[in-house]
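So the structure is just underneath, and the comments pick up after that.
The values are calculated or read from the model by the stated rules, or taken from the named source; none is laboratory data. These figures come from a predicted structure and were not determined experimentally. Reconstructed Cβ throughout: ideal geometry from the backbone, glycine too, with neighbour counts over all protein chains shown.
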Ligand SMILES: Cc1cc2nc3c(=O)[nH]c(=O)nc-3n(C[C@H](O)[C@H](O)[C@H](O)COP(=O)(O)OP(=O)(O)OC[C@H]3O[C@@H](n4cnc5c(N)ncnc54)[C@H](O)[C@@H]3O)c2cc1C
């Protein structure tokens, strides 16, 4: 399948870089449960992870649409953007809500790769998706905030220098709206780990570096507060729309990868004296997933267009993520199914990509919560929680 959209220059350049990191590279990293350092370094050096940083701070000043193409092409080439996508959407939070001083301090170094901003700490073990109930607190004491609490599933901590952290600065009981009273901070992990922040890695189904975090009187300079105190949830939501749209693009990349692989395979694999792809029972699930990936793609562009125009895009970002994650999962199932036993062999890379794309039914937001958002916030149905 050839793309003829206006991003073909970006697509070709990212594909060329990805060609230097073939399936064997990603397979080996997966086997070793390692981190694709060389790949992330190459992406950084080529400037792709600084796509959203304005030119005045050393980046290329591109929009979410272009950033989404970069992520899509990584996944479409057999890689996994999960190793580095945090940098893209965390950047957005700093860009849109950080002060001029914060931007000047961090962005140029992020652009050159001297600093990595790959992590965002929101989820907590006892509150899950019910984010406004988070129990991690940040209490202002003079020129510092003192943080106590716990986070879970916080990704790329061991491969990041900085983390965006969401914590409660005003108790839930003292705010008018439950979404108020939370703030976001930039945490310098190099200063924090071992001095109030303990990290425990979580081994998981995907080769995704993710961790439990324990905060015990971690001190953060007050100047690391991003934006206004108490407004953090609103800022995070902006970043989450970018995250959802980028992940939609990654799922679209996965979807095309699965469809390319399975289409090629079913044309070649001969059983009962004919290619298995000649059977409609084989053709239809593949055709159906292709239709779904293409449809999800339209919603992804809609979300990018609104985000880049600074228009509200929660509805479209959530719907794009829902459609794309569903489509890539259906494509993954068809691809695995029609490879028969070979789909389970690691050397075909299908089982690896199958695990990777499965994550997006649950994270960064579960399918149910998107349905709930659309039902209650878009269609105005009565609130269930
Ligand atoms: C590999 C991985 C990496 C992650 N990286 C990060 C990260 O970097 N930073 C971060 O902050 N978080 C991260 N997360 C957390 C992720 O965002 C959450 O796992 C996800 O939002 C779901 O929250 P939960 O696990 O607490 O599930 P829960 O909130 O406990 O929900 C469990 C399930 O119950 C269902 N459910 C819950 N409430 C409702 C409801 N009201 N209606 C209907 N169904 C409901 C949903 O199907 C949901 O899947 C990561 C998770 C994973 C697995």
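Criterion applied to 115, 189, 107 was being out of contact with any helix residue (DSSP H, G or I) (no Cβ under 6 Å at 6 or more places or on another chain), at pLDDT 95 or above and more than 12 Å from the ligand (Cβ to nearest atom), and the one residue passing it is 189.
For residue 34, the conditions (1) assigned to a helix (DSSP H, G or I); (2) surrounded by fewer than 16 Cβ atoms within 10 Å (Cβ to Cβ) all hold with the exception of (1).
One residue alone among 100, 87 is surrounded by fewer than 17 Cβ atoms within 10 Å (Cβ to Cβ) and either under 13 Å from the mean Cα position of the chain (by Cα) or more than 12 Å from the ligand (Cβ to nearest atom) (or both), and that residue is 100.
Taking every residue in segment 306-320 that is touching a residue at least 24 places away in the same chain (Cβ under 8 Å) and pairing it with any residue that is assigned to a loop (DSSP other than H, G, I, E, B), at least 6 positions away or on another chain, the pairs with Cβ-Cβ distances below 7 Å are 307/313; 308/63. So is residue 307 in a helix (DSSP H, G or I), over 30 Å from residue 130 (Cβ atoms) and either more than 16 Å from the chain's Cα centre (by Cα) or more than 16 Å from the ligand (Cβ to nearest atom) (or both) or not? So residue 307 fails the test. For segment 67-84, the set of residues classified as in a loop (DSSP other than H, G, I, E, B) and within 16 Å of the ligand (Cβ to nearest atom) consists of 80, 84, listed by residue number.
Filtered by the rule that a residue be free of Cβ contacts under 8 Å to residues at least 60 places away in the same chain and touching a helix residue (DSSP H, G or I) at 6+ places or on another chain (Cβ under 8 Å), segment 236-268 gives 263, 267.
Here 21, 39 are screened, and the one residue that is over 20 Å from residue 106 (Cβ atoms), part of a helix (DSSP H, G or I) and without any contact (Cβ under 8 Å) to a residue 60 or more places away in the chain is 39. Here residue 226 fulfils each of the conditions (1) under 25 Å from the mean Cα position of the chain (by Cα); (2) surrounded by fewer than 21 Cβ atoms within 10 Å (Cβ to Cβ); (3) closer than 21 Å to residue 116 by Cα apart from (2). Within segment 123-145, the set of residues being under 20 Å from the mean Cα position of the chain (by Cα) and in contact (Cβ under 8 Å) with a residue 12 or more places away in the chain comprises 123, 124, 125, 129, 130, 131.
Taking the criterion of being out of contact with any helix residue (DSSP H, G or I) (no Cβ under 7 Å at 6 or more places or on another chain) and part of a loop (DSSP other than H, G, I, E, B), the residues of segment 338-362 that qualify are 345, 362. Within segment 231-258, the set of residues being in contact with a strand residue (DSSP E or B) (Cβ under 6 Å, 6 or more places away or on another chain) and either buried (at least 24 other Cβ atoms within 10 Å of the Cβ) or not in a helix (DSSP H, G or I) (or both) comprises 232 only.
Within segment 330-344, can one find any residue that is at pLDDT 95 or above and within 16 Å of the ligand (Cβ to nearest atom)? Scanning segment 330-344 turns up no residue that is at pLDDT 95 or above and within 16 Å of the ligand (Cβ to nearest atom).
Restricting attention to segment 345-385, the residues that are more than 7 Å from the ligand (Cβ to nearest atom) and more than 17 Å from the chain's Cα centre (by Cα) total 20. In the set (1) surrounded by fewer than 16 Cβ atoms within 10 Å (Cβ to Cβ); (2) more than 15 Å from the ligand (Cβ to nearest atom); (3) in contact (Cβ under 8 Å) with a residue 24 or more places away in the chain; (4) in a loop (DSSP other than H, G, I, E, B), residue 178 fails one condition alone, (2). Among the residues of segment 106-122, are any under 22 Å from residue 222 (Cα atoms), in contact with a strand residue (DSSP E or B) (Cβ under 6 Å, 6 or more places away or on another chain) and without any contact (Cβ under 8 Å) to a residue 40 or more places away in the chain? Within segment 106-122, none of the residues are under 22 Å from residue 222 (Cα atoms), in contact with a strand residue (DSSP E or B) (Cβ under 6 Å, 6 or more places away or on another chain) and without any contact (Cβ under 8 Å) to a residue 40 or more places away in the chain.
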